[in-house]
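In what follows, a structure is listed as structure tokens, so that the remarks can point back to it.
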Amino acid sequence: MNENRSALQTVIENIERVVVGKREEIELSLTALLAKGHVLLEDVPGVGKTMMVRAIARSIGAEFNRIQFTPDLLPSDVTGVSIYNQKTLEFEFRPGPIMGNVVLADEINRTSPKTQAALLEALEEKSVTIDGTTRPLQDPFFVMATQNPIEYGGTYPLPEAQLDRFLLKLKMGYPSYEEELEVLNRVAEKHPIEDLTEVLSLEEVLAMHKEVTKVYVDASIKHYIIAIINETRTHRDIHLGVSPRGSIALMKAAQAYAYLQGREYVIPDDVKYLSPFVLSHRLILRPDLEMVEKSGEDVISEILNTLRVPLSKKEAVR
């Protein structure tokens, strides 16, 4: 376990050569990768979202594909298409950019709901179906999607069913004065992404996937997770609470985060820390809360403050 933690710390340090001052976001992104989940990055342009995805791909020697979502993008532009070959008199499959290990879905909310729906099977089933044939995606398969929370012109908000497919929702935020100065110093001659090399193989990542599932989750932790989820279904500020998929996502994320920290077991603080990132985008708040600018993260924090952190099975519920 310590050996694997050391390897993952090397990955983090490698990514930090490109992405300055975002240790938490990097660790959370790797948590999603280890849990076989996907990440939705919501922030303004130019804060390093794309660079972080590219740095992750290079650090693990993964095939990286980028999809620029636009209003005229078709589902086949994402998944691929079968083309008739007049020489062989047969249809040949031309894979789309979704057929990669690490995929950047850039500005995902700028494309039509029809094209957005093409991602649902890929995100959940790790496969795509074209012309009646289901084709498995590469393993590992990791999607990081971005969207701009400010500019809404010409956008199509992601439906709840698609938001639910993302394990974590993250925000990058602006760098500090010192961090931005460091960015300028690093890119003065050439961008550090150009010299980034592989420090962890895909085979090692696949092995870690199996080890993450063996991280111990005590019964009291499971009860704590369910207690949090149940509170989202009865909270006065929530119109629609978290589904059982959210419970599973929170447990899987906690296992991956514990593994990243070098532990073979999940502690309550793992669940408490990850809950806003895993659950906030799975909620539908009451419409009138927009007037007071109350967010899903705020509501999840309220719920966590009302629940007692479990020390035993009986204390896992309020």
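The values are calculated or read from the model by the stated rules, or taken from the named source; none is laboratory data. Fair warning: this is a prediction, and the values are worked out from it, not measured in the lab. All Cβ positions, glycine included, derive from the backbone under ideal geometry; neighbour counts span all protein chains shown. For accessibility, only protein heavy atoms count, side chains too; no ligands or nucleic acids. Shrake-Rupley method; radii C 1.70, N 1.55, O 1.52, S 1.80 Å.
Some points to look at:
- Subset tally (residues that are open to solvent by 20 Å² or more (accessible area, probe 1.4 Å) and part of a helix (DSSP H, G or I)) for the stretch 232-261: 9
- If you go through the stretch 208-224 and keep only what is closer than 16 Å to LEU311 by Cβ and either of a type outside the set (Gly, Ala, Ser) or at pLDDT 95 or above (or both), you end up with VAL217, ASP218, ILE221, LYS222, HIS223, TYR224.
- Annotation: LYS313 fulfils all but one of (1) within 30 Å of ARG5 (Cα to Cα); (2) modelled with pLDDT under 90; (3) crowded, with 17+ Cβ neighbours inside 10 Å; (4) not acidic (Asp, Glu); the unmet one is (3).
- Conditions (1) closer than 18 Å to ILE193 by Cβ; (2) open to solvent by 20 Å² or more (accessible area, probe 1.4 Å); (3) in contact with a strand residue (DSSP E or B) (Cβ under 6 Å, 6 or more places away or on another chain); (4) hydrophobic (A, V, I, L, M, F, W, C): number failed by MET51: (3)
- One residue stands out in the stretch 262-293 among those that are in contact with a helix residue (DSSP H, G or I) (Cβ under 8 Å, 6 or more places away or on another chain) and charged (D, E, K, R): the one that is least open to solvent (accessible area, probe 1.4 Å), namely ASP270.
- Residue match in the stretch 171-179 (condition: under 30 Å from LEU119 (Cα atoms), in contact (Cβ under 8 Å) with a residue 40 or more places away in the chain, open to solvent by 80 Å² or more (accessible area, probe 1.4 Å) and basic (Lys, Arg)): yes
- Scanning the stretch 134-153 for residues that are touching a residue at least 24 places away in the same chain (Cβ under 8 Å) and open to solvent by 50 Å² or more (accessible area, probe 1.4 Å) yields ARG135, GLN138, ASP139, ILE150.
- MET99 meets each of the listed conditions (1) closer than 27 Å to ALA207 by Cβ; (2) crowded, with 18+ Cβ neighbours inside 10 Å; (3) touching a residue at least 40 places away in the same chain (Cβ under 8 Å); (4) of a type outside the set (Ser, Thr, Tyr) apart from (3).
- Count of residues meeting criterion [aromatic (Phe, Trp, Tyr) and more than 25 Å from the chain's Cα centre (by Cα)] in the stretch 164-199: 1
- Restricting the search to strands (runs of 3 or more DSSP E) fully inside the stretch 14-96 and requiring at least 1 residues that are free of Cβ contacts under 8 Å to residues at least 60 places away in the same chain gives 64-68, 80-85, 90-95.
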